[in-house]
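Visitor: One structure coming up, written as structure tokens, with questions to follow.
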Amino acid sequence: MKDFVAYRESKDSIVSKLDSNVSQGLSSSEAQARIEKYGANEIQEEEKRTLLQKFLDQFKDFMIIVLLVAAVVAGFVGIAEGEGIADSIIILIVVILNAIMGVFQEQQAENAIESLRSMASPEAHVRRDGSMTSVKSIDLVPGDIITLEAGDVVPADVRLLEANSLQIEEASLTGESVPVVKSIETINKDNVGIGDRDNMAFSSTNVTYGRGLGIVTGTGMNTEVGHIASMLANTEGQLTPLQRDQEQLGKTLTIAIIVIAVLTFIVGITFQDFEITHMLLVSISLAVAAIPEGLPAITTIILSQGTKSMANRNALVRTLPAVETLGSTEVIASDKTGTLTVNKMTIEKVFYDGELHDASEEIAHTNPLLRSITFANDTEIDGNGELIGDPTETAMIKYAIEQGFDVKDAVSTEPRVNEVPFDSDRKLMSTIHKMEDGRYFIAVKGAPDQLIQRATKINKNGQVTDITQKDIDHTLKENEKMAREALRVLAGAYKIVDTVPDTMSTETVEQDLIFAGLVGMIDPERTEAGAAIRRAREAGIRTVMITGDHAITAQAIAERLSILDPNEPNNEEHVRTGAELDNMTDDELARDVSNFSVYARVSPEHKVRIIKAWQANERTISMTGDGVNDAPSLKQANIGVGMGITGTEVAKGASDMVLADDNFETIVVAVEEGRKVFSNIQKAVQFLLSANLGEVLTLFFATLFGWTILEPVHILWINLVTDVFPAIALGMEKAEPQSMKQAPRTKKDSFLSFGVLPSIAYQGALEGFLTLAVYYIGEYILKVEHQTAETMAFITLGFIQLFHSYNVKSIFGSLFSGNPFDNKYLNGAFILSGALLLGVILIPGINTYFSVTIPGPTEWAISIGVAFSIVIIVEIVKWIFRSTGLADKYQKKIAE
């Protein structure tokens, strides 16, 4: 099957090369031999990972590895110092819970390849041993002769040998919203796109009209759907910005922690003459204390909360990291049909009585154009009023119904008595209806250039006159005008006769017609899509349209959606076709990809190339789609977005997020939610790292000064009760007002960007300094007992972190610019953590275990007062940042 291109072969040649016989088909024995040679007609299933493999994969993250090492080290240190392994157990619980949640999310994802398998047609009508029979589609082989009828799912790739008014809906493969009219003519061109192979029928597409006979040219993985399955299986998922940031943060922290531990060790044995063994344990304890062990779990919780918020807004996220990826999206590459458009042909313009009318204008029910397109129509109306049939024909019936025309009553009153079916050669369809006065109404619709040649008269304002060349020129001019606007134009005509012709043919029925007018239709853009695209642009996000439809249609829709400026005279320069992409190398495409806003007549391979071209420019790109042909690019994109209503299971399975309402606007809503999630994770990172830095600096300088300021159990308890709860609560913060007025973060940006790193540095230093200051006051000025001085430091460090949690609600914005207490979760975390902190001091027995004592009023006032001062000091520093313009420098990502 590799030595020919099916669409380029003639009928006789393809039958010969496949060693088949049109009249007899294959013999049963030959079919069996070919199954053994080519394999079953099914999509090969991807090897599945076991639950254990998925669980172990969760531990490949660098931060998780660091935490596991920390857990082991903490265990040894705890045993050596007689503190037990509580710290180790806490770290391990966090890591294991994080892994379990990761596996749970992965288990929720459908398998895209399995979805492809389920799309196969269950049975096929095949000629075997000289007679027609039904066989399971899995048993089809190359060379089988099969028939296709309306309603069939094409069971394999087929070169057509006969096509009687055959139309096949291929939107899931090509993205083209209108069924393709098939022919049997040989195509003598190279590299013809799927959408232009009119003599082929492709596996898993749907026959909507007519009949056909063909020879199977490809089965299983050798079909176009199989090719997509191969692409899907070989497409590697992209590392999300969040995963990349976590890995980088883990590496940075590891290096910093090692440096701190070594430096502390050197300081202890050099300046304080501590024993090497003691300083080794102190240094390791310090390193373990510096690790934000709760960060992976906190991140998971914040992401989970983000998935719930998105689900409430019709965005169903299948993998946790995808929540945040949306917030960093710089380019949205969107399929046209069903995503930016409604995927329903709709009449927009109507030409009759010599004038062009909008479809919303009232039209008389006796108008011959309305009657022509309604009668010459095979659409069925079911019991629920749903229209069933060809999209072009259902659009005409829908138009008539919206005009108040009772279609069922009209067809019942003037029933169809005969017809000349649509034929792809003459491009016309005619029906004959018996009128109440005994005469017959012949309704004709079809291609304007064909129909107007058969018209000898024209109806204008109810008057029938001979058609003139002026009438013809005017009509064709209006036809061309609508075509330039990407409208699909059909014409209507009629005549009234006394008797039904003896023979039904174009010569006896479709001659001497009265021209009635034109209708122009299109798959219109979604009403909300244009506004959403403009909102995305305000947020610095570029929208690119990718479709299998024709270039002129894609350009027109792009202009209507403002993807292209409708006032720009050279918009065609920003439209590229699949054929043009074939003539570009990957490097050329990557270099010029930003110049193109619309891609038309593209194949699945082209879509993947476009995605890769943007990624080669270090851009985070989202891909939206609903068809089988979109699946590889959905998987290749940094975040794939599938359609929940019209989307195929294959597209959903390859996506990271599914839109429950198929609404492009929901993507923009999800982007806002994603930006909020990143901002909140960033706040949690800022809070945790500044707190840990404060603890590290406190212990480091205490060691330098020869002080014993905090016991290991103090650090453990502070980490447990004042780190985790406020950090989680910060993940519940509302989106900041300017979040959608900023450009997306780039791959160079991280959790520490936008002023977070300097904020962590000065705030951590401030926490350490204030804690050391309180200890100094208690130990050397007030000269309280050493345990009381330690307790004062413990209270100060704990409450500094709780008060500081309010500081990080905004990096540079004032806490008092709005309601400081608008986050009820943060308020609750403050109360809970504060109570747990106070409990170990005030409750007898527990305070003994924690080596703390109850301070006097003066010591309480100093400890709480100094702790609260961090709010005032940080507010002053933020004001300096804002007034000097440094805040704007760090926030330079704001879009102009």
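Read-outs throughout are calculated quantities, based only on the coordinates presented, and are distinct from any laboratory measurement. Computed from a prediction, not measured in an experiment: that's the story for all the values here. No Cβ is skipped: glycine too gets one built from the backbone with ideal geometry, and neighbour counts run over all protein chains shown.
Visitor: Please work out whether segment 401-443 counts as rounded, prolate or oblate from its C-alpha gyration tensor, where a ≥ b ≥ c are the square roots of the eigenvalues and a/c under 1.5 means rounded, while otherwise a/b larger than b/c means prolate and anything else oblate?
Guide: Oblate is the answer for segment 401-443, as a/c is 1.5 or above yet b/c matches or exceeds a/b.
Visitor: Counting helices only, and only those DSSP H runs with n ≥ 4, report the 222 nm mean residue ellipticity of the chain as the sum of -39,500 (n - 2.57) divided by its residues, in deg cm²/dmol to the nearest 500.
Guide: Using -39500 (n - 2.57) per qualifying helix, the result is -14500 deg cm²/dmol.
Visitor: Ok, one more. Once you order the gyration tensor axes a ≥ b ≥ c over the Cα atoms, which shape class does segment 709-750 get: rounded for a/c under 1.5, otherwise prolate or oblate by comparing a/b with b/c?
Guide: It comes out prolate by the Cα gyration axes.
Visitor: Can you tell me the FRET efficiency between Trp860 and Ser753 if r is taken as the Cβ-Cβ distance and R0 is 56 Å, rounded to the nearest 0.05?
Guide: With a Förster radius of 56 Å, E is 0.90.
Visitor: Next question, about the same structure. Would you calculate the separation in nanometres between label points at Phe821 and Val5, each defined as 7 Å from the Cα along the Cα-to-beta-carbon direction?
Guide: Taking the two extended label points, one gets 7.4 nm.
Visitor: Here is the link list: Lys189/Lys612; Lys460/Lys481; Lys37/Lys427; Lys17/Lys344; Lys398/Lys427. Which ones come out longer than 32 Å on Cα distance?
Guide: Table pairs above 32 Å Cα-Cα are Lys37/Lys427; Lys17/Lys344.
Visitor: Follow-up. So what's the gap between the Cα centers of segment 578-599 and segment 716-775, to the nearest angstrom?
Guide: So the separation of the two Cα centres works out to 42 Å.
Visitor: Which of the GluC sites (Glu not before Pro) found in segment 394-436 are in a DSSP loop and have at most 13 neighbouring Cβ atoms, other than their own, within 10 Å?
Guide: Here the GluC sites (Glu not before Pro) that fit, given the DSSP loop and packing criteria, are Glu436.
Visitor: Pick out, in residue order, every one of the GluC sites (Glu not before Pro) in segment 329-395 that is DSSP loop and has at most 15 other C-beta atoms within 10 Å; say none if there are none.
Guide: Sites meeting the loop and neighbour criteria: Glu361, Glu362, Glu386.
Visitor: I would also like to ask the following. Using per-residue counts of other Cβ atoms within 10 Å, averaged over each peptide, order 216-228, 757-769, 724-736, 811-823 from highest down.
Guide: 216-228, 724-736, 757-769, 811-823
Visitor: Rounded to the nearest 5, what % of DSSP beta bridges with both residues in the chain are antiparallel?
Guide: If we restrict to bridges inside the chain, about 75 percent are antiparallel.
Visitor: If you stretched the chain out fully between Thr708 and Thr884, how much longer would it get, using 0.36 nm times the residue separation minus the C-alpha to C-alpha distance?
Guide: Computed gain between Thr708 and Thr884 is 59.3 nm.
Visitor: A follow-up question, please. Can you tell which of Asn314, Pro855, Ile872 lies farthest toward the positive end of the dipole of the chain, using +1 and -1 charges on the Cβ of basic and acidic side chains (Lys, Arg; Asp, Glu)?
Guide: It is Pro855.
Visitor: Taking the Cα centre of segment 346-522 as origin and charging only Cβ (+1 Lys, Arg; -1 Asp, Glu), how large is the dipole, in debye to the nearest 20?
Guide: 360
Visitor: If you wrap a convex hull around the C-alpha atoms of segment 134-207 and split its volume per residue, what is the figure in Å³?
Guide: Normalising the Cα hull of segment 134-207 by residue number yields 101 Å³.
Visitor: Here's another thing I want to ask about it. On a 0 to 90° scale, report how tilted helix 664-705 is relative to the longest principal axis of the chain, with both axes built from alpha carbons and the result rounded to the nearest 10.
Guide: 20
Visitor: Mind giving me the FRET efficiency for Gln32 and Leu836? R0 is 45 Å, r the Cβ-Cβ distance, nearest 0.05 is fine.
Guide: Once the sixth-power term is evaluated, E becomes 0.05.
Visitor: List the GluC sites (Glu not before Pro) in segment 608-678 that DSSP assigns to loop (not H, G, I, E or B) and whose Cβ has at most 12 other Cβ atoms within 10 Å. Which are they?
Guide: Glu618
Visitor: Oh, and also: Provide Trp879, Trp717 in ascending order of the number of other Cβ atoms located within 10 Å of each residue's Cβ, fewest first.
Guide: So the ranking, lowest neighbour count to highest, is Trp879, Trp717.
Visitor: Working out 0.36 nm times the residue gap between Ala40 and Ile472, then minus their Cα-Cα distance, what length gain in nm do you get to one decimal?
Guide: So the extension gain works out to 149.9 nm.
Visitor: For segment 346-522, what does the alpha-carbon gyration tensor say about shape, rounded, prolate or oblate, given a ≥ b ≥ c as the root eigenvalues, a/c under 1.5 as rounded, and a/b over b/c as prolate?
Guide: It comes out rounded by the Cα gyration axes.
Visitor: Let me ask you something else. Given a Förster distance of 60 Å, report the FRET efficiency between His365 and Phe55 from their Cβ-Cβ distance, rounded to the nearest 0.05.
Guide: Once rounded, the FRET efficiency stands at 0.35.
Visitor: If you don't mind, another one. Could you work out how far helix 824-842 tilts from the main Cα principal axis of the chain, as a 0 to 90 degree angle to the nearest 10?
Guide: Helix 824-842 sits at roughly 30 degrees to that axis.
Visitor: Okay, next question. Using alpha carbons only, how many degrees (0 to 90, rounded to 10) separate the axis of helix 604-616 from the longest principal axis of the chain?
Guide: For 604-616 against the chain, the angle is about 30 degrees.
Visitor: In nanometres, what is the gap between the two model label sites at Thr508 and Val72, each 7 Å from Cα along Cα-to-Cβ?
Guide: 9.2
Visitor: With Rg and the Kirkwood Rh both taken from Cα atoms, where does Rg over Rh land for the chain?
Guide: 1.12
Visitor: Roughly what would the spin-label model give for Asp587 and Asp129, points 7 Å off Cα along C-beta, in nm?
Guide: If labels sit at Asp587 and Asp129, their model points lie 6.0 nm apart.
Visitor: Something else now. Got the relative contact order for the chain handy, in percent, Cα pairs under 8 Å and 6 or more residues apart?
Guide: For the chain, the relative contact order is 13 percent.
Visitor: Then there's this: Under a cut-off of 13 Å between alpha-carbon atoms, report the aspartates and glutamates in cross-link reach of Lys336, not counting same-chain residues fewer than 8 places apart.
Guide: Reachable aspartates and glutamates: Glu176, Asp523, Glu525, Asp549, Glu559, Asp626, Asp630, Asp662.
Visitor: Which is farthest toward the positive dipole end of segment 346-522 among His357, Gly462, His474, measuring Cα position about the Cα centre, with Cβ charges +1 (Lys, Arg) and -1 (Asp, Glu)?
Guide: Of the options given, the answer is His474.
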